[in-house]
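Since the structure comes first, as structure tokens, the remarks are kept for the end.
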Amino acid sequence: MKSFFRRFMRPIIAILVIYLVFLLGPIAGLDFPIIVGRIQESPKMLVQFLIIGLANGAIVAIIALGYTMVYGIIELINFAHGDVYMIGVFTALSTLSVTGALTTNNPVHLVLGIVAALVVAMIVCASLNVGIERLAYRRLRNAPRLAALISAIGMSFIVENIGLIWAAQSWLVPSFGTTGGGAQKSFPDLLSKIMISLNLDPNLLASTGLGLRFTIKDLLVIVLASILMIGLRFFIQNTRLGKAMRATAQNRDAAKMMGINIDRVISITFLIGGGLAGAAGLMAGLYNNTAWWFMGFRAGIQAFTAAVLGGIGNITGAMLGGFLIGLLAAFSDGYMDARWTNLWVFAVLVLILIFRPTGLLGEQVGEKA
Amino acid sequence: MSKRLFVTFSVLVIASMLLAACGGGGGAAKTLKIVSSLPMTGANLVISQAIVNAEILRLEQAGGTACDGKYTVIYEAWDDASAALGKWDPAVETENANKAAADPTIIAYLGTYNSGAAKLSIPILNGAGPLVMISPANTYPGLTHAAAGLTDPDEPDKYYPSGERNYARVAATDDYQGSVDANLMVSLGIKTLYIVDDNELYGKGVADSVNQKAAALGINVIAQEGYDTKAADYKALMTKISTSNAGGPPDAIFIGAVVDNNVAQVLKDKVAIMGDNETVKFIGPDAIYTGALIEGAGADVAEGVYASAPGLAFKDLGEVGKKFLADYTARFGGATKEPYAVLGFDTMGAALKAIEDVCAAGGDPTNRKAVRDAVFAIKDYDGALGKWSFDANGDITLLWFVVGKVTGGQFVEFGSFLP
């Protein structure tokens, strides 16, 4: 009897979930004839949603890398990671303000300001992430898993509140205004400004007459994300430190016996994860033009979902998961009902986890410990 | 327990008992407490602070006392938002209502801002005396009266378990606001409309109302759709809307939402995809008529946004209203542009008038029921909004709405309108 359950439980649950999706789907906008009809009517729109989904997915993917790397190496869900990304947005905005890039129309000044913002945001977030590890996780490394997890949630709240205070500092960024730290703040659309000051259309496909929008913002996000992902992959696969990280992830004790400085490797993992979050912060600021102290929470949940979807601990998987979530959300917003977008994202997550509990590209990670 | 610790502890206990005894007895003037419960964390702070300032000002003008100095009136501004949500929090609002119900010195509860919050606190306070609530801002009709097609069949009675009313408001409701907005759209020449809402009691309610009234005036409402209030962006949604009108964008988008539900982001993505607010108009209700929207979206993006709000345009205010605006500027070192400030002033005014009326009739203003009766009996009150009364449902009799348009980085009044 027991083996019967073990064997058939998963398919039964899967059939139930699929049945529910089709039963309740139409309520939440999953109406195949309408969707197919609309795609046939205007295939161009499908391409448009793909572009939006890719750009949003790229940001999610970069944040997801931070979750998955940390999980791979110390099996901790670093809940503060999404909030580190939020600090990245504020650091970038403040750097742009301090360097005068927010008020200038000079394209060279703007480009230099953005590069400076990228560098500063990556450094600040990397240091913050290393600091969080040193302060809140290192001492708990051999404590029960739950202690570190609660500590991570605590750090998340602390970092959120730093953001809340930061967003009220209008001496630093005058456009923060008088509404206090709680309100959403405007992150000016500097990329379009650069294009306009050069007498170019921000929409790179405007001259093609296709009626599609592929703006300089989409381009920057996708290109920057690709560079970071390729760079990270190269670092992990081809450098000594990357090798040490893989060894530590595989078996911490054995790696230690081989003379690898575990503390240092873990610190570097947090450093890289934080740096990526900082870059994602600048990208999201330039792409969505909003800075908000609470934006890390939702981004964190989405990125964590992406990491699980792709197989937590697997770097390629996290990238894949991020892009999938971005595309799925854009598709749901575009062809179904925006009210239910989160439902679809998480329904897909549940389905994939039922059929592939390790995620799309996941390896078996539960064996050590 | 060590001896020294025990001694310290005993001294503290005795001292606190003495203090408590002193606090209870003596004192010539008795204390009446008025509290407000408004969202003061998040983008809504701008509106809430204007309301609170106006209430402070009104109380100061009364000298902080009532009934010829027989009672000291204390005002406390409570926050019903939480940092975790970044907007009003059902848990905090419920806690506020329970706290107010339990404190016998509280005789009026000025709030809430969000209709969804009022839905939770009215029944709690209804069973506590009843403790009277006066809202400066709730506009969902179902809290006080039924409106065909907009409210549930069991509204508003389900909010008043004791069968007695304890809730009044100085804001005209969304069944009227829908008409004002629909009339505005007709006068702007809008033929096709797309409606989005934040799925909240207020946001969806006002969107439903606009949907109903606009359709009645012959405007083609393409669809009404909820949006995810925490999403990072709405580019896909806006792309969909940009082709919803037979392949092109609609003439206007109406958003039924409170400003802290990411309205600035919706506006930004709308402008990015469909162009400025003259090409495709962006119209919203009272909860986006605030400087916070312009700060969040950026002045250039917000340029041309229309919003309506209960009350009169500042230029159409009467003598009391004009004096209030001048006093506000003098007291807080800067003029307010928030229409809700005027409503906040009259909310506190109504509470203080009720206390005075109870005294004048020889009643006891510490009795919550007496204060409630006096609030519902307010007729022809000379407030900042003009001369107004509460009807039997607790609704204000003034149905004016101000319409504003963002011009040069701030809301500029367009005029006052009746539904």
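Would you say A:N238 is free of Cβ contacts under 8 Å to residues at least 24 places away in the same chain, open to solvent by 70 Å² or more (accessible area, probe 1.4 Å) and at positive phi? Step through it out loud before you land on a result.
Numbers: free of Cβ contacts under 8 Å to residues at least 24 places away in the same chain: yes; open to solvent by 70 Å² or more (accessible area, probe 1.4 Å): yes; at positive phi: no.
Against the criterion (free of Cβ contacts under 8 Å to residues at least 24 places away in the same chain, open to solvent by 70 Å² or more (accessible area, probe 1.4 Å) and at positive phi), A:N238 does not qualify.
With touching a Cys at 6+ places or on another chain (Cβ under 9 Å), of a type in the set (A, V, I, L, M, F, W, C) and either more than 30 Å from A:A291 (Cα to Cα) or within 14 Å of chain A (Cβ to nearest Cβ) (or both) as the only criterion, which of B:A66, B:A84 stands out? Let's see the steps before the verdict.
Details: B:A84 fails: touching a Cys at 6+ places or on another chain (Cβ under 9 Å).
Testing whether each residue is touching a Cys at 6+ places or on another chain (Cβ under 9 Å), of a type in the set (A, V, I, L, M, F, W, C) and either more than 30 Å from A:A291 (Cα to Cα) or within 14 Å of chain A (Cβ to nearest Cβ) (or both) leaves just B:A66.
What residue, among those in region B:367-392 that are assigned to a loop (DSSP other than H, G, I, E, B) and open to solvent by 50 Å² or more (accessible area, probe 1.4 Å), is farthest from B:Y160 (Cα to Cα)? Show your work before the answer.
Let us first name the residues in region B:367-392 that are assigned to a loop (DSSP other than H, G, I, E, B), namely B:367, B:377-380, B:384-385, B:389, B:391-392.
After this cut, where a residue has to be open to solvent by 50 Å² or more (accessible area, probe 1.4 Å) as well, the list is B:367, B:377, B:379-380, B:391-392.
On the way: B:N367: 19, B:A377: 18, B:K379: 23, B:D380: 26, B:D391: 17, B:A392: 14 Å.
The residue in question is B:D380.
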Mind checking which strands (runs of 3 or more DSSP E) fall wholly inside region B:28-132 and carry at least 3 residues that are open to solvent by 40 Å² or more (accessible area, probe 1.4 Å) and out of contact with any Phe, Trp or Tyr (no Cβ under 8 Å at 6 or more places or on another chain)?
-> B:71-79
Selected residue [at pLDDT below 85 and either hydrophobic (A, V, I, L, M, F, W, C) or not in a loop (DSSP other than H, G, I, E, B) (or both)] from A:I352, A:I260, A:I272 | A:I352
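For every residue, the table says whether it meets (1) closer than 18 Å to B:G116 by Cβ; (2) open to solvent by less than 10 Å² (accessible area, probe 1.4 Å); (3) not basic (K, R).
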position	(1), (2), (3)
B:H145	yes, no, yes
B:G149	no, no, yes
B:G163	no, no, yes
B:D174	yes, yes, yes
B:A182	no, yes, yes
B:A207	yes, yes, yes
B:A215	no, no, yes
B:D233	no, no, yes
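Which of the residues spanning region A:289-308 are part of a helix (DSSP H, G or I) and open to solvent by 10 Å² or more (accessible area, probe 1.4 Å)? Can you show your working first?
Narrowing region A:289-308 to residues part of a helix (DSSP H, G or I): A:295-308.
Matches in region A:289-308: A:M295, A:F297, A:R298, A:A299, A:I301, A:Q302, A:F304, A:V308.
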Within region A:53-66, how many residues are closer than 18 Å to A:F346 by Cα and open to solvent by 10 Å² or more (accessible area, probe 1.4 Å)?
-> 2
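Take A:I18 and decide whether it is closer than 22 Å to A:I325 by Cβ and modelled with pLDDT under 80.
Details: closer than 22 Å to A:I325 by Cβ: yes; modelled with pLDDT under 80: yes.
Answer is yes for this residue.
Restricting to region B:14-69, give me the number of residues that are of a type in the set (S, T, N, Q), more than 23 Å from B:K87 (Cα to Cα) and at pLDDT 80 or above. Give the derivation first.
Quick first cut of region B:14-69, residues of a type in the set (S, T, N, Q) only: B:16, B:31, B:36-37, B:41, B:44, B:48-49, B:53, B:61, B:65.
Those left that are additionally more than 23 Å from B:K87 (Cα to Cα): B:16, B:31, B:61, B:65.
This time we only want the ones that are at pLDDT 80 or above, so: B:31, B:61, B:65.
Total meeting the criteria: 3.
State which residue is nearest to A:F214 (Cα to Cα) when the search covers only region A:156-196 and only residues that are of a type in the set (S, T, Y) and under 22 Å from the mean Cα position of the chain (by Cα). Write out each step before concluding.
Taking region A:156-196 first, the residues of a type in the set (S, T, Y) are A:156, A:170, A:175, A:178-179, A:186, A:192.
Checking which are under 22 Å from the mean Cα position of the chain (by Cα) leaves us with A:156, A:186.
Numbers: A:S156: 35, A:S186: 22 Å.
In this case the residue turns out to be A:S186.
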Provide a single number: the residues in region B:262-276 that are in contact with a helix residue (DSSP H, G or I) (Cβ under 7 Å, 6 or more places away or on another chain) and either more than 9 Å from chain A (Cβ to nearest Cβ) or among the aromatic types (F, W, Y) (or both).
-> 4
Identify all residues within region A:311-348 that are facing chain B (nearest Cβ under 8 Å) and of a type in the set (F, W, Y); write none if there are none.
-> A:F331, A:Y335
What do you reckon, is A:A167 within 13 Å of chain B (Cβ to nearest Cβ) and out of contact with any Asp or Glu (no Cβ under 8 Å at 6 or more places or on another chain)?
-> yes
Hey, does region A:101-124 have a residue that's touching a residue at least 60 places away in the same chain (Cβ under 8 Å), over 21 Å from A:M283 (Cβ atoms) and in contact with a Phe, Trp or Tyr (Cβ under 7 Å, 6 or more places away or on another chain)?
-> no
Which of the following residues is more than 23 Å from B:I51 (Cβ to Cβ) and in contact with a helix residue (DSSP H, G or I) (Cβ under 7 Å, 6 or more places away or on another chain): B:Y160, B:Y167, B:Y140?
-> B:Y160
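From the set of residues in region A:39-52 that are touching a residue at least 24 places away in the same chain (Cβ under 8 Å) and open to solvent by less than 70 Å² (accessible area, probe 1.4 Å), which is farthest from the other protein chains (Cβ to nearest Cβ)? Can you show your working first?
At the first step, the residues of region A:39-52 found to be touching a residue at least 24 places away in the same chain (Cβ under 8 Å) are A:39, A:44-45, A:47-52.
In the following step, the residues that additionally are open to solvent by less than 70 Å² (accessible area, probe 1.4 Å) were identified as A:39, A:45, A:47-49, A:51-52.
Working: A:I39: 12, A:M45: 6, A:V47: 11, A:Q48: 5, A:F49: 6, A:I51: 9, A:I52: 5 Å.
Ranking the qualifying residues of region A:39-52, first place goes to A:I39.
Select, from A:S197, A:S151, A:S192, A:S156, the only residue that is touching a residue at least 12 places away in the same chain (Cβ under 8 Å), among the hydroxyl-bearing types (S, T, Y) and farther than 25 Å from A:S94 by Cβ.
On the way: A:S197 fails: farther than 25 Å from A:S94 by Cβ; A:S192 fails: farther than 25 Å from A:S94 by Cβ; A:S156 fails: farther than 25 Å from A:S94 by Cβ.
Exactly one of A:S197, A:S151, A:S192, A:S156 is touching a residue at least 12 places away in the same chain (Cβ under 8 Å), among the hydroxyl-bearing types (S, T, Y) and farther than 25 Å from A:S94 by Cβ, namely A:S151.
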For region B:242-276, which residues satisfy the criterion of being over 20 Å from B:I294 (Cα atoms) and surrounded by fewer than 24 Cβ atoms within 10 Å (Cβ to Cβ)?
-> B:S242, B:T243, B:S244, B:N245, B:A246, B:G247, B:G248, B:P249, B:D251
Can you tell me how many residues in region A:178-200 are away from every other protein chain (no Cβ under 13 Å) and either in a loop (DSSP other than H, G, I, E, B) or open to solvent by 40 Å² or more (accessible area, probe 1.4 Å) (or both)?
-> 4
For region B:157-197, what are the residues that are in a loop (DSSP other than H, G, I, E, B) and either in contact with a strand residue (DSSP E or B) (Cβ under 7 Å, 6 or more places away or on another chain) or of a type in the set (K, R) (or both)?
-> B:R165, B:N166, B:V170, B:A171, B:A172, B:L188, B:I190, B:K191
B:N211: part of a loop (DSSP other than H, G, I, E, B), more than 9 Å from every other protein chain (Cβ to nearest Cβ) and touching a strand residue (DSSP E or B) at 6+ places or on another chain (Cβ under 9 Å), yes or no?
-> no
Being open to solvent by less than 50 Å² (accessible area, probe 1.4 Å) and of a type outside the set (D, E, K, R) narrows B:A330, B:A307 down to just B:A307
Could you tell me which residue of region A:243-268 is farthest from A:M69 (Cα to Cα), considering only residues that are out of contact with any Leu (no Cβ under 9 Å at 6 or more places or on another chain) and open to solvent by less than 30 Å² (accessible area, probe 1.4 Å)?
-> A:A255
Residue among A:S151, A:S175 that is surrounded by 14 or more Cβ atoms within 10 Å (Cβ to Cβ), within 14 Å of another protein chain (Cβ to nearest Cβ) and in a helix (DSSP H, G or I) | A:S175
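The values are calculated or read from the model by the stated rules, or taken from the named source; none is laboratory data. Because the structure is a prediction, the values reported are computed rather than measured. Neighbour counts run over all protein chains shown; Cβ positions are idealised from the backbone, glycine included. The accessibility values were calculated without ligands, DNA or RNA, using every heavy atom of the protein model including side chains. Shrake-Rupley method; radii C 1.70, N 1.55, O 1.52, S 1.80 Å.
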